[in-house]
Every structure is written in structure tokens, then in C-alpha cells.
């Protein structure tokens, strides 16, 4: 099929060979699991267990709060030992509300509903079961999957695109899951397509994954699912970019894929959907790439949600040398961390321990106006101009230049010969804008409450004055009546 050329983009060194040829291995059962209540976009989940409760693997331990949220389930059987804070898988390292679970060593599943006819469920039932399983986008965005299904079905999505690009360097978890679990992934894809009534199903896989491509083609042979081989380029796996490359459709600024009749999901998400619908299993584990020059034996592991990162590193035989930078996810868009007690969460695709040579640290120097960042930007923005506005705190000027359309892919920073951390400027500015927006909403809410209070006081005073006027009028009427009666008696 015809492919459309991706604007901009870069070709960072892949380094996928470190881990891609190693089969997925199950991580030994941890003694303790630390399960954060916020592992998704939206409101955090609400605990439905208490300290001392015994739980089974797959049992609901925290319920979704509202439409944009996701439920959380026990990754193994054991006892809830704490409902408190634990270090977050975030650069800040600040603690977040967490359920601590001590394993009983049995890894015993809760009773689940298994079916041999998953396509007998209605589209609404499939979405409801996906929601109940706590499935989120496993490509990194962690948007609640069921919400995307419902929104897409209601908006009349025509094309389902499954993202098997995995364009981030080092990461090979999607490559491995496509090699080893292609049949299950294809069934999950077909279930998603059925749930949204998609007329066309495309699976985009970069051409540097020949074994995965062959496995997926074989699994999809008797279905309407089309495996499309895409050129290897970063950020090919980004939602807007893969939609354009495969369909030629551009999402308008501030828009969503559904605006152009498209739904995008990750291939690992499709596997999770298949497990939830066919076997009734919620999302309690994920495939994680453990790699980087500082790791002795890079590999791909299946880790339970809540497993401390240090256990993944130990499973990979530990460090071969001191790591200069630790990253959760990929090196381009991942989150840096320093504390190996941080847990694996639903969005953790990789644990990277990078050396100084790999990250190529260098001091930033003044911009030389070479426009390399402009050519590399896949969205067609002007990174050097946006950064100039942000430096002088002119956020509105940066917004006018398209700051909100930036996908934070890091291509501009990667090619900058002056080593200016451009994407850091943009992430900072977006955070500042979000804080300003929250402050504005708070001020508006406060003003609304103050106006309502003033209106209430004015209404009470008005009603009181009206009541006093009525009482006065009634009194005067009684006095006039009494005077008239007295005058009539005197006349008589």
C-alpha cells in the first residue's frame, strides 16, 4: 500500500540488538509489590481494600474514579500491608499514594470468566470488560483503553491502526511480544476492531523488525488485518506520525485521531485486551526491556505491576559499570529516575541504565541559528524560536508558534549541535501553562463562589426587607381597621 513520507524525524542509533534476541522471561515472584494508585491519564484509583486484607491475583484493589480513570488489580496473591506513600516512578522522586502488597508465594488467581467465543460479546460488553480489566495504552500514553473504544465507536471511526513501530532506541519489548505472541495479538486486534466497527485494520511495523513482521503476517493470514511495513525513523511510533504515514491524514491542531476517523492502539494493548476478553484476566503484568551499556545482560522480562526496578536490574545480572543516567521508558521520551525502589507501572516499557558515552553529555552553547531543529521537527514547528520566547518568559508567544502541538519527541534536542536541551524548555513551558490554567480555573471557581455568595446575601436581605414591608403593611392595615371600628362604635 502507498505510504506517505514523514516530515522531519531523526535516525538515532537503535541499540536494540542488546536485548532483542533474548526471549521474554518471567521475573521471579517479588516478596513485596508497590502498586501506585496513579498509573494512567486521569483521576487516580480509589482503594477498595484495607491493611490486613488477603487478596488473590487479579482481584480489584482500587476502583476507577470517574470516566477518565482506570481500575487497579492485585498483581499476585498475598496480604495488603500498607496504604500509604511510596517513591514515584517520576523524575521528582516524590512519594505517591500506593498500595503495598506482601506476596504469599502462591501467585493464586481469583476466579475468572473464560470464554471460547469472545466475539459473541457485544461491542459494549467488550468495552466494559476492557474497563473492568484496568487496561490502558501500553505504548506509553496510558490513556484508559475502554474510553478510547467508546469514544471511537460513538464518533464513527473507520480505520484502526495498531502501532508496532517501537521507534525508541534500546526498546524491544513490542518486537518480542509480536514474535512470541502474534496469534493472541491478532485476536486482540480483531476484538478491538469489532468493538469500534472499524472497516479497515492496519498494523504498522518498522522494517527493522523482520522476524516480528513475519510472525504477525503469519498470524494475520486468514483475517482482514493488514500488516504494513514502515521505514525505520524516529518518531514513527508517535500517534500523529503513524496516522499520516499510513493514511495521509493529518490531525488538526488540538484535535484527536477520531477527528479524522482513526483509532490508534499499541500491539501490547491488543494482547492485554485478548487476555481480558478470552480469559477474564486484568492487566497485572507487562513486558519490560532492561537494557543499556551499564547492564550486564540486557533482556526482556515479564514483570508484575508494582515490582521494584532493582529486581529487574538484578535479574539482568546487575550493573557492569556505574550508570550515568537511569531512564524509565526510552532514552528520547522516557523519564529519568535515581531511586531503584521505584515500581514498574502499566506504562513502564523499559528500564535503561546508560553510560556517559551513550548519553554524550556536553555543555550547552549559544544557538548558531543552523535550523537543524526545524528540519528535524516532525510536526513542522520552529523549536529555536519557541525556545527564544520561553527564555524570556513569553509563553503566549511560544503558544502562538505552536507549543501545544509539540509532541515532546526530543528530535530537536537530538540534532542540536549546540546541545541546547530544547525539549526541556518545551516541557517546562507546558507545565507552567498547565499551572497557569489550573490557577485561572481556581480563580474563576473562587470568583463564581464569591458571586454566588454575594447573590445569596443580597437575596436574603431582599427577602428580609420584603418580609418586613409585608409585616409593616399588615400592621398598618390592622391599625386602620381598628381605628375604623372604634370610630364606628363612637358614632353608634
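Every number in this text was worked out from the coordinates using simple rules, so none of it is lab data. Computed from a predicted model, the values in this text were never measured in an experiment. Cβ atoms come from the backbone with ideal geometry, glycine included; neighbour counts cover every protein chain shown.
Odds and ends about this structure:
- Bins of 10 Å, starting at 0 and running to the largest distance - Cα pair percent for segment 372-432: 27, 61, 12
- Mean Cβ neighbour count within 10 Å, used as a protection proxy, ranking 394-405, 365-376 highest first: 394-405, 365-376
- Mean Cβ count within 10 Å, highest first, over the residues of peptides 196-204, 181-189: 181-189, 196-204
- Additional length obtainable on full extension of the chain from residue 82 to residue 324, 0.36 nm per residue less Cα span: 83.8 nm
- Per-residue extension of 0.36 nm, minus the Cα-Cα distance of residue 259 and residue 13, leaves a gain of 85.1 nm for this segment.
- Rounded tilt (10° steps) of 422-491 against the dominant C-alpha axis of the chain: 10
- Label positions at residue 466 and residue 183, each projected 7 Å from the Cα along the C-beta direction, are separated by 7.6 nm.
- Annotation: extensible slack from residue 92 through residue 24 equals 21.4 nm (criterion: 0.36 nm per residue apart, minus Cα-Cα distance).
- On the beta carbon distance between residue 444 and residue 50, with R0 = 51 Å, the FRET formula returns roughly 0.85.
- Between residue 222 and residue 451, the modelled labels are 6.4 nm apart [label points 7 Å from Cα along Cα→Cβ].
- Within the chain, percent of DSSP bridges classed antiparallel, to nearest 5: 60
- Inter-label distance, nm, simple model (7 Å from Cα along the C-beta direction), residue 113/residue 365: 6.5
- Across all Cα atoms of segment 1-122, the radius of gyration (one decimal) and Dmax (whole number) stand at 19.6, 58 Å.
- The three principal axes of the Cα atoms in the chain give end-to-end lengths of 121, 62, 48 Å, sorted in falling order.
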